[in-house]
1. Among G318, G148, G344, whose mean-square fluctuation peaks in a Gaussian network model of the chain (Cα, cutoff 10 Å)?
2. Want the number for T189 to K163: 0.36 nm per residue separation, take away the alpha-carbon distance, what's left?
3. By how many degrees, 0 to 90 and rounded to 10, does the Cα axis of helix 121-135 deviate from the longest principal axis of the chain?
4. Before rounding to the nearest 500, sum -39500 (n - 2.57) across all DSSP H runs of length at least 4 in the chain and divide by the residue total; then give [θ] at 222 nm in deg cm²/dmol.
5. What percent does the relative contact order of the chain come to when contacts are Cα pairs within less than 8 Å and at least six residues apart?
6. Taking just the C-alpha trace of segment 215-293, give me its Rg and Dmax in Å.
7. Can you tell me the FRET efficiency between A134 and Y15 if r is taken as the Cβ-Cβ distance and R0 is 45 Å, rounded to the nearest 0.05?
8. Mind checking which of D100, D127, D47 has the largest fluctuation in a GNM of the chain, springs on alpha carbons under 10 Å?
Amino acid sequence: MRGDDDRQQPEMWSYVPLERRVPQDHPLRAMRTMVDAILAELSPAFDEIYSRVGRPSIAPERLLRALLLQALYSVRSERLLMEQLDFNLLFRWFVGLAMDDPIWDATVFTKNRERLLAGDIARKFFDQVRAEAAQRALLSDEHFTVDGTLIEAWAGLKSFQRKDMPRQPPDDPGNPTVNFHGEPRSNATHASTTDPEARLARKGKAHEAKLCYQGHVLMENRHGLAVDARLTPATGYAEREAALAMAAALSGARRVTLGADKGYDTRDFVAGLRGLQVTPHVAQNTAKRSSAIDGRTTSHAGYVVSQRKRKLVEEIFGWLKTTGLLRKTRHRGTERVGWMFVFGVAVYNLIRIRNLAAQPT
């Protein structure tokens, strides 16, 4: 029998709580449990960046849950995120809003997020997620991989202009005419007027140059979880410099291995790792040159395992760029972009931990 479509006015009241509307096997349930425990650990850090007097702002716990949803569901802007929170009951439940709670203005939400930036909450959130993984015995303490990726800046090539030339008013403010063909441009002589901290870089000889930042991840090899993440300006040495800095935090009483791709196969980098008592499991680059990795390293069976496992780091970058809104950043400046990068890596770790916990033992 065909149902009726005559009732256009919905019921005014609902007696079904949000908790019952979310299926028991929904993936966000396990995520919410972990996130709530992590945010409880961060409560003292929140107290340090908020005043004890004045008008209450958006609760930092709710703000972080909303940012987590934005990364999980690829919501491209804060304004669209507020729109989703207004009618999406799943989002309301996860953030901690009742069905009738008013939604924040997008500008207010963004300004409150700046306070978390000042308190370096993304790093502290990342550390708590890593501690959760360690508590579940998911992390390796012996074998690691490092890699970097370019993140396109929120600035166009038309904004990349000479530093020593006075800025001229554009002929068209919306889309100015800029002719830079035949003009040699480099980071030494040019800078972006939109985002001065972005650097001109390219992935390889066959790729076009773009204004970019460089993200770096240190991954443990057991389950492919990130144990460190940071963002730097995109320079020719940024990958190896960041890798040595992250490797320095690993060095201790126990010797560890560090896998990497051919871009890290330089004598200075390999010598730097060995000086930190870290065994370099770097892929050999023998294209028209000799490799800094010799038979002392490649003859071990662990080297082959490291070369296979290091490819897991590409899954982190793949998720960040396809889902985590970091193929092209929506923020400007190393500090803001770095905050979002570290937070995005922490969200990836949460997904990975949830998936590992769901696997049958």
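1. Comparing G318, G148, G344 in the GNM, the peak value goes to G318.
2. 8.8 nm
3. Result, in degrees: 80.
4. Details: 14 runs with 154 residues, N = 361.
Value at 222 nm, helices only: -13000 deg cm²/dmol.
5. Working: 466 pairs, mean separation 70.5, N = 361.
Rounded, it is 20 percent for the chain.
6. Computed over the Cα atoms of segment 215-293, radius of gyration and Dmax are 12.4, 38 Å.
7. Values: r = 43 Å, r/R0 = 0.96.
Rounded to the nearest 0.05, the efficiency is 0.55.
8. Of D100, D127, D47, the Gaussian network model singles out D100 as fluctuating most.
The values are calculated or read from the model by the stated rules, or taken from the named source; none is laboratory data. Quick caveat, the model's predicted, so the values are computed rather than measured. Note: ideal-geometry Cβ built from the backbone for every residue, glycine included; neighbour counts use all protein chains shown. All accessible areas refer to the heavy atoms of the entire protein, side chains included, with ligands and DNA or RNA removed. Shrake-Rupley method; radii C 1.70, N 1.55, O 1.52, S 1.80 Å.
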